[in-house]
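Q: The following block contains the structure, expressed as structure tokens.
The values are calculated or read from the model by the stated rules, or taken from the named source; none is laboratory data. None of the values given here were measured: they were computed from a predicted structure. As a convention, Cβ positions derive from the backbone with ideal geometry for all residues, glycine included, and neighbour counts pool all protein chains shown. These accessible areas exclude ligands, DNA and RNA; they are computed on the full protein's heavy atoms, side chains included. Shrake-Rupley method; radii C 1.70, N 1.55, O 1.52, S 1.80 Å.
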Amino acid sequence: LFGVERGTLDITNATYVAEVDVWYVDVMTPVAGLPIFRGGITARIKSGNLISIGAMTYPSVPVEGDFQIDAERAIRQAVIDGPAPFAKHTDTSAKAMLLPIEGDGVSLRKTWMTYTRTQNPPGKWVSFVDAETGEVLNVHNQVRFIDGQVTAMHHERTLDGSPLVESGVSGAFVSTDSDDAVTDAQGYFTLSAGTDYATDLDGDYVDVQNTDGTDGLLASADPNMTWTTSDATQAEIDSYIFINQVRDWGETVSPDLGIVTGTINSYVNITNSSCNAYYDGDVNFYASDASCNNTGSIADVNYHEWGHGFHYSSLASYWLDFDGSVSEGAGDTVAMFLTGDHVMAPYFYKGGAGIRDMDNNRTFPDDFQNNEGAVHSNGLIFGGSMWDLWHILMDLEGVEQGTDSTEAIFAGL
């Protein structure tokens, strides 16, 4: 029935499972005295009755090639030409095997099926080396990798009552009981093994810390995980997303700055005051009160505070060149580039109002106030100038080139 010669069958497995009263039987069907990779007959026998049978046999299929190289050379070729040539390979072995090759038709090629093992990268490598030429025809890894994604439900920009949006969480550490990984820009990760997935908001760039309770933790039996307020406060989730967004912008504008290449902490839900945020080498955001929303959940405020770090990192000399008014304007300008909006932080106040407007006609020195408390107001001179310059250059050069030119001027490039 299956085109196999009598007397050539070889039972390779016969296992009985009493709980279901089933025999699992696998039979090898060699050709030219050699086993065929994934070839043979498999059967299931329940309560003494044959209930299913499957076959992958190759009657009248030509056998090609010859054994011109030995097993040791086949193992060497598998390592040299395989996906991990510089790793240490252990537990090596080789077995003669026919490999089905599909082209215009099907043929069975004489190969050495080799096994090697590596620790870094994790691998149990199965390679098929042509027994005649030494060519590596196929390689697969028996270590089964787990793919997953970490996403987050977050405010798109501010607390205006719009539905939360879902985005991939970049730079997050994901761990299991036996492996760990870091998510890519879209939140995807790959693990070699393990169960019980866990991640937090202490990533490879920003560590978000909840000053009014325990830090967020997301654990799941599913490798596809989504941050919600069941796992962390909304401000923690929002700030993690927003700070990574503005860092991505920084990488395109001035990738060598310390604020971009280093790491940063974000402290959210600070309760000893309200209606504010600040930068002190890290970014800090206050909880909400009766009049103001939680500043950690407003993208513009996250961008602005990080923008102080961008300004600070750009200075040739802090003591000679740092100016608070310019820094406030610089922070607003960073937010402007990311939002495309001249209004700074809509819904900073619970009634919906923002806190500053860069579409203004303020000039220096006429509108400059020489007192310590006027830095935000003075910053509008700088921010308004950048808003005007941006639109002038977009009109002259087009949106994309005009934006690039304005960002380069802003960054001092």
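Q: Would you work out the charge dipole size for region 143-222 about its Cα centre, treating the Cβ of every Lys and Arg as +1 and the Cβ of every Asp and Glu as -1, and quote it to the nearest 20 debye?
A: 200 debye
Q: Taking each full run of DSSP H in the chain as one helix, which ones are at least 24 Å long along their axis (Cα atoms) and have mean Kyte-Doolittle hydropathy of at least -0.5?
A: For the chain, where a helix must reach 24 Å along its axis and average at least -0.5, the hits are 234-253, 375-397.
Q: Still on this structure, I have one more. Got a number for the accessible area of residue 44? Probe 1.4 Å, square angstrom, nearest 10.
A: About 70 Å², ignoring ligands and nucleic acids.
Q: Grab the Cα-Cα distance for residue 160 and residue 73, subtract it from 0.36 nm times how many residues apart they are, and report the gain in nm with one decimal.
A: Stretched fully, the residue 160-residue 73 segment lengthens by 24.6 nm.
Q: In debye to the nearest 20, how big a dipole does the chain give about its Cα centre with +1 on each Lys and Arg Cβ and -1 on each Asp and Glu Cβ?
A: Dipole of the chain, to the nearest 20 debye: 2200 debye.
Q: Per 10 Å bin, what percent of the C-alpha pairs of the chain does each bin hold, from zero upward?
A: So the P(r) values, bin by bin, are 4, 16, 19, 16, 12, 11, 11, 8, 3, 0, 0.
Q: Which of 56, 90, 71 sits farthest toward the positive end of the charge dipole of region 44-99, with +1 on the Cβ of Lys and Arg and -1 on the Cβ of Asp and Glu?
A: 56
Q: Could you order the peptides 295-301, 282-288, 328-334, 159-165 from most to least packed, using the average number of other C-beta atoms within 10 Å per residue?
A: For the peptides 295-301, 282-288, 328-334, 159-165, the packing ranking is 295-301, 328-334, 282-288, 159-165.
Q: State the percent of C-alpha pairs, over all pairs in region 149-294, separated by a distance greater than 25 angstrom.
A: That tail contains 29 percent of the Cα-Cα pairs.
Q: Same structure, new question: Report the paramagnetic label zone for residue 28: residues of region 100-139 whose backbone N is under 19 Å from a point 7 Å from Cα along the Cα-to-Cβ axis.
A: Residues passing the 19 Å test: 100-101, 108-116, 126-131.
Q: Consider a paramagnetic label point 7 Å from the Cα of residue 93 along Cα→Cβ; state which residues of region 110-133 have an amide N under 16 Å from it.
A: Answer for region 110-133: 112-118, 124-128.
Q: Sorted by mean Cβ packing within 10 Å, highest first, what order do the peptides 69-77, 232-240 take?
A: Final packing ranking: 232-240, 69-77.
Q: Calculate the FRET efficiency for residue 196 and residue 230 from the Cβ-Cβ distance with a Förster distance of 22 Å, rounded to the nearest 0.05.
A: With a Förster radius of 22 Å, E is 0.80.
Q: Subtracting the Cα-Cα distance from 0.36 nm times the residue separation, let me have the gained length for residue 9 to residue 178 in nm, one decimal.
A: This chain segment gains 56.7 nm when fully extended.
Q: Quick check for the chain: number of Lys pairs with alpha-carbon distance under 24 Å, counting only pairs 8 or more apart or on different chains?
A: 4
Q: Could you look at the chain and say what percent of its accessible area is carbon and sulfur, using a 1.4 Å probe and all protein chains?
A: Using a 1.4 Å probe with all protein chains present, the chain comes out at 49 percent carbon and sulfur.
Q: Let me ask something else. Within region 121-135, which residues have the backbone N less than 16 Å from the label spot 7 Å out from residue 81 along Cα→beta-carbon, could you tell me?
A: Zone members listed by number: 126-135.
Q: Among residues other than residue 212 whose Cβ falls under 14 Å from its Cβ, what is the net charge (Lys/Arg +1, Asp/Glu -1)?
A: -3
Q: Sticking with this one: Counting only heavy atoms of protein chains, what accessible area per residue, in Å², does region 1-66 have with a probe of 1.4 Å?
A: Accessible surface, normalised per residue, equals 67 Å².
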